[in-house]
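> My questions all concern the structure below.
The values are calculated or read from the model by the stated rules, or taken from the named source; none is laboratory data. Please read all numbers here as calculations on a predicted model, not as lab measurements. Note: ideal-geometry Cβ built from the backbone for every residue, glycine included; neighbour counts use all protein chains shown. Ligands, DNA and RNA are excluded from the accessible area calculation, which covers all protein heavy atoms including side chains. Shrake-Rupley method; radii C 1.70, N 1.55, O 1.52, S 1.80 Å.
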Amino acid sequence: GLTVIAVGNSVGDFVADTTAARRADARMAASAAFGSPLLMLMLGTALPCLLFTALNGRPIDTPISAHCRVAAAFLLCALASHAVAFPIPAFGGAYSVPRAYSFYLFSLYAAFLTISVLLEAGALPKGWVCSLGGGSGCLT
């Protein structure tokens, strides 16, 4: 269900970013691809957490589930890959990357989905994922 919602939520950004990229404005396309989701993440997650902390005088102390830890790990891998790949002049510079990079990102997403399904099916123990992040406050 989350994949369907994520795809539906990203269609507008996909169309706008593709249009910007086809107009040979690679910097604008790359900026839009990162800026819009980052803005939504900050408004949808960071702002409510900030308000909760301000109103209650304490941060949210909800345990983080194994699925969220896996998602955060793959997100970190993808963002680190972008930070390395986009500025490299060997890829053409000016924030353009080769088509093979998209296959890498699709394979990273496939690995994320595989691990998520295996976690949900019980084929991978959730405790193992929780132990990678220090194990404190992990929902199993």
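> Using only protein heavy atoms and a 1.4 Å probe, report how much of I64 is accessible, in Å² to the nearest 10.
The value for I64 is about 90 Å².
> If packing is taken as the average number of other Cβ atoms within 10 Å across a peptide's residues, how do 55-62, 119-126 rank, most packed first?
Answer by packing, highest mean first, reads 119-126, 55-62.
> For the pair T53 and V4, what calculated FRET efficiency results from E = 1/(1 + (r/R0)^6), where r is the Cβ-Cβ distance and R0 = 30 Å, to the nearest 0.05?
The computed FRET efficiency comes out at 0.40.
> What's the FRET efficiency of L38 with W128 using the Cβ-Cβ distance as r and R₀ = 25 Å, to the nearest 0.05?
The pair L38/W128 has a calculated efficiency of 0.25.
> Could you pull out which residues in segment 62-87 have an amide N less than 19 Å from a spot 7 Å beyond the Cα of S107, following the Cα-Cβ vector?
74-86
> Run the accessible area of segment 26-129 with a 1.4 Å probe and give the carbon-and-sulfur part as a rounded percent.
Of the solvent-accessible surface of segment 26-129, carbon and sulfur hold 77 percent.
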